[in-house]
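Notes to accompany the following structure.
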Amino acid sequence: MESSKVKAPILTKRDYIPLVKRALREDLERNGDITSNAIFSRKTRAVFKLLAKDDGVLCGIDVFRSVFQLLDRKISVASNFSDGDRLSRGTVVATVTGSLISILTGERTALNLVSHLSGVASKTARFVAAGSGKPVILDTRKTVPGMRRLQKYAVVTGGGQNHRIGLHDMILIKDNHVDAAGGITEAVARARKRWGNRFKIEVETRNLDEVREALAASVDRIMLDNMDNAAMKEAVGIIAGRAETEASGNITLERLPSLGECGVDFVSFGELTHSVSIFDFSLKQDAIL
């Protein structure tokens, strides 16, 4: 059976420049940085260092750079690190050189973005390590509105894989679809009548009877929702490789290693994107030029 893995997003400037512009407008409004503009001269130049204060995975260095370059094209952001690189506490990740006012104006927006994205990547990396490659770690659509492409990019940067990007690229028949349609068989039949084989089909199941029904409908992936390990292991045995399997709901980091023993192919976590602690960075002045 062909894999129903959704292709990972490629991050382009179109994915983050509009967001960065909105974030800067939110911060500056019409008056701009009234504090920095009152205290310093536009002629004053400075050097700042981006310092890692955690251990983890870097993500969003180009987004960080874009904040300053949108404010002032003369600002230079130099870094020997790329997204996906491991960082240790105390590492100097980048050097920002240019107008002191411009650097201070962009500081918070730039830090907010790189800290959040690196937090997602670092958390994903911890989950990937705990699972030791089996099952594959997936994200969900539980993302911050307007930041989905960035957050899903961060998941991939941390070593995970993307589930569907949105409602548009994979059919996922969930419990509400099943109940409203009158059953899995009918819901799958309607989806195939509308789309044929254009999209992969996944079905959420709540018990072993629904697993059997989904399997009989020849779907591509069967989600095992809120099942304990014994039920998941039995479900995997019933499916016997005729569809991909995905564990979801009530899965914790501590429980993750045991899922490999159940034989499931994938496990999805909403918390990779909806409950993230930031990766702590600071931007510290190094010199006034």
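Condition check for residue 129 on (1) in a helix (DSSP H, G or I); (2) within 10 Å of the chain's Cα centre (by Cα): one failure, at (2).
How about the stretch 175-289: which helices (runs of 4 or more DSSP H) wholly inside it have at least 2 residues that are farther than 19 Å from residue 141 by Cβ?
175-181, 184-195, 208-216, 229-239, 256-262
All conditions but one from (1) under 24 Å from the mean Cα position of the chain (by Cα); (2) exposed (fewer than 13 other Cβ atoms within 10 Å of the Cβ) apply to residue 182; the one that does not is (1).
Restricting attention to the stretch 38-59, the residues that are part of a strand (DSSP E or B) and hydrophobic (A, V, I, L, M, F, W, C) total 7. Residue 152 meets all of the listed conditions (1) in a helix (DSSP H, G or I); (2) more than 16 Å from residue 59 (Cα to Cα) but one, namely (2).
Which ones in the stretch 108-124 are crowded, with 24+ Cβ neighbours inside 10 Å and under 12 Å from residue 50 (Cα atoms)? If the condition is that a residue be crowded, with 24+ Cβ neighbours inside 10 Å and under 12 Å from residue 50 (Cα atoms), then 110, 114 are the ones that fit. Is it fair to say residue 104 is within 21 Å of residue 46 (Cβ to Cβ) and either in a strand (DSSP E or B) or outside the structural domain of residue 155 (by TED's automatic domain parsing) (or both)? In short, yes.
Picking from residues in the stretch 157-179 that are in contact with a Ser or Thr (Cβ under 8 Å, 6 or more places away or on another chain) and within 29 Å of residue 115 (Cα to Cα), the one that is surrounded by the fewest Cβ atoms within 10 Å (Cβ to Cβ) is 159.
The values are calculated or read from the model by the stated rules, or taken from the named source; none is laboratory data. Please read these numbers as outputs of a predicted model, since none were measured by experiment. FYI the Cβ positions are ideal-geometry reconstructions off the backbone, even for glycines, and counts take in every protein chain you see.
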